[in-house]
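First, the structure itself, so that you have it in front of you.
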Amino acid sequence: MNLIRSWGRPETRKREVGICHGEAMPPRDCILWSLHKGWCWVWLLLGVLALAGTIGGCTSSAHGLDRVAASGVLRVALDPSFPPFESVDADGNLQGLDVDLAREIAGRLDLQVHFVTTGYDALYDALAVGRADIILSALYPDPSRTAGYVFSQPYFDAGEVVLVTRESPITGLQDLAGHTVACVFGTAGHMAVLEWQDTWREPPELMVVSSVITVPHLVETGVVDAAIVDRVSALVALSEDGDLRILESSVTEEPYVVAARRQDATLIEAVDRALEAMFDDGTITRLIQ
């Protein structure tokens, strides 16, 4: 008796077939084909999700004006220890030219403003770590920072100026010839006057002092005919004594600008447009006064 059934022999076993997805194939192949098709859909779905994630990541890592506009808030870093540009009043509120300027810029960009207060030496760090979007804090455009940061056009010149009384006949730098002029030792204004000695028909007589605090009083009391001080000190003096005035001609220039990370250049471009409009409509002049 043949114990090997005929259906058990490989060479005689009939292969069963069926219709799978419109094609004739054995059940085992149909299962494998179905699994393969299923994984294709899985991989396709994963690819779509990955693409969506990439697009979303691009949106969240936007730079410049787009990023700030998406948040709706302009974060401004400043050091509130430099009146009249930025300080804290008796109630703990920020005040000063830079504070008002930041609010005005934010308003013109349809943004809310949030101030990030820090020490002056940590202002750039606030930008670098993403705590702030711009620096607006009596900032001079440091040439060594141009690789990583961009600067706006100047909104204020804090250079050395000439302070005189309203009744003084002095109207320009050449008029200082033959007059007594006070200046602070070692300042840019002091150095400039020393360099210009040969340009006057009669060089001014210099009274060199150690502190700017006493200089406006020397002009007020007539001890000197004029004084060379930084524009900030001159503005403070004008706010305290209406009998003083500043000559239009500056002795030196020290522009104050707004700074942002270089990758946020479009934000600085928007700030520049706002500043330009503020110069045109007189807002800058009003805020300074």
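Readers should treat all values here as calculations from the given coordinates under stated rules, not as data from a laboratory. None of these values were measured; they are calculated from a predicted model. No Cβ is skipped: glycine too gets one built from the backbone with ideal geometry, and neighbour counts run over all protein chains shown.
Compute the label zone of Ser239 within region 88-103: residues whose backbone N is under 16 Å from the point 7 Å along Cα-to-Cβ.
Once the point is set 7 Å along Cα→Cβ of Ser239, 88-102 turn out to lie under 16 Å by backbone N, inside region 88-103.
Which order, highest average first, do 165-177, 208-220, 96-108 follow once you tally other Cβ atoms within 10 Å for each residue and take the mean per peptide?
Taking the mean over residues of other Cβ atoms within 10 Å, the ranking is 96-108, 208-220, 165-177.
Using the Karplus curve 6.51 cos²θ - 1.76 cosθ + 1.60 with θ = phi - 60°, what ³J(HN,Hα) values do you get for each residue of region 137-152, in whole Hz, with x for Gly and Pro?
Rounded to whole hertz, the list is 7, 6, 9, 8, x, 5, x, 6, 9, 5, 5, x, 9, 10, 10, 7.
So how strong a dipole does region 195-289 carry about its Cα centre when Lys and Arg Cβ are +1 and Asp and Glu Cβ are -1, to the nearest 20 debye?
340
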